[in-house]
Amino acid sequence: MERNEKNMKHKKKVKLSLVFEILAFLVLIILVVVLFFTQQNKESERDSDVAEIQEEEEKEIVDLSSLSSTSAVLIDLDSGETLAEKNQSQIVYPASLTKMMTVLVALENIEDINASVTLPEDIFPALQEEGASMAGFEPGETATYKDLLYGAILPSGGECCIALAKNISGTEEAFVAKMNEKAVGLGMEHTHFTNTTGLQDVDHYSSVEDLGILLKEALKNQTFHEIFTTDTYSVPPTNLHPEGFTFHSSMFQTMKEANIQDSYIKGGKTGFTSDAGLCLASLGEVNGKSYILVTAHADGNHDTDPYHILDAVSVYGQLAEQTQPESITSEDETESEE
């Protein structure tokens, strides 16, 4: 009897031991599976991080850190993708880059750009007192909307901007309201306009990111594109200029004076005030692709080197090097070279 009880106890111990061994084995298997999937997830996350880093490196195909401009953004015009940026959301004073919005809004509200309008005499004293850049029209002169549009962009004529505003909306304030409405519609979140010319005002501001959005939209307009990429434009004879006169692009003119030759820059709008620094919005074409570059707040003035244009030359030059198509050499060409 005692022996049987001992045998039964022994068998129970054996069974319990076997159960524990099985459980331990199962736990071990579960641990191995958990460790395996944990490792797989870590490798997947690491691969994802590496891919993101590589993607960012691919996007940043040019270096903007050494530019004179404190803010800059480079955009692929075809895809709309931002390729590189430097303080792109930082608030800046846009100076005469404002006139890109003035001209775009004007184009969207003019029925006939060949219609004649008169430049009001009362707009000139304030502009002259502020030292605003002028296109060369006289008080009371009659010109076409087309003349004023070219005058606003190429020589950055302040009188052209206010004449456009008053003839379209009645007052500059009413026209500026349209500009701000357009900015909101485009998603320009860091922008507010108080005038059509870009004259200094603490409540008149933007960012290169927003100005890039603006230029990308404006270049869709064929007339704006033509104006923006024009070097010179001749005003036909008017009541106060019987022989007419000619505008010159401030950007291309500055490039000529500084002996800067760059085939990549196809068009642009300059801007400057002592608070805004040297600014430039430009259109470039490099290796068959179109790009927008907006830079702001470079040191200097009209009497120094054109650091804003030199920044553009640097960026488009880097693009040319980074995007140059790989040359394919055939075996025959290789043999002949040898």
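The values are calculated or read from the model by the stated rules, or taken from the named source; none is laboratory data. Since we're looking at a predicted model, the values are computed, not measured. Don't worry about glycine lacking a Cβ; one is built from the backbone with ideal geometry, like all the others, and counts go over all protein chains shown.
The sole residue among S71, S96, S89 that is closer than 25 Å to G268 by Cβ, crowded, with 24+ Cβ neighbours inside 10 Å and touching a helix residue (DSSP H, G or I) at 6+ places or on another chain (Cβ under 7 Å) is S71. Residues that are of a type in the set (A, V, I, L, M), under 17 Å from the mean Cα position of the chain (by Cα) and modelled with pLDDT of 95 or more number at least 1 in the following strands (runs of 3 or more DSSP E) confined to the stretch 228-338: 265-273, 277-286, 289-298. Quick one: is D112 within 16 Å of Y233 (Cβ to Cβ) and either over 25 Å from the mean Cα position of the chain (by Cα) or surrounded by fewer than 24 Cβ atoms within 10 Å (Cβ to Cβ) (or both)? No, not satisfied. A count restricted to the stretch 282-327 and to residues that are surrounded by 14 or more Cβ atoms within 10 Å (Cβ to Cβ) and acidic (D, E) stands at 3.
State which residue is farthest from L107 (Cα to Cα) when the search covers only the stretch 142-156 and only residues that are in contact with a helix residue (DSSP H, G or I) (Cβ under 9 Å, 6 or more places away or on another chain) and not aliphatic (A, V, I, L, M). Result: P155. Residues that are within 9 Å of the chain's Cα centre (by Cα) and either within 27 Å of S169 (Cβ to Cβ) or outside any loop (DSSP other than H, G, I, E, B) (or both) do occur in the stretch 85-106. Suppose the filter is in a helix (DSSP H, G or I) and more than 20 Å from the chain's Cα centre (by Cα); does K182 pass it? Criteria not met by K182. Of all residues in the stretch 187-207, those that are in contact (Cβ under 8 Å) with a residue 60 or more places away in the chain and among the aromatic types (F, W, Y) have Cβ atoms under 9 Å from Cβ atoms of residues that are surrounded by 20 or more Cβ atoms within 10 Å (Cβ to Cβ) and assigned to a loop (DSSP other than H, G, I, E, B), 6 or more apart or on another chain, in F193/P94; F193/H204; Y205/Y93; Y205/P94; Y205/T191; Y205/F193.
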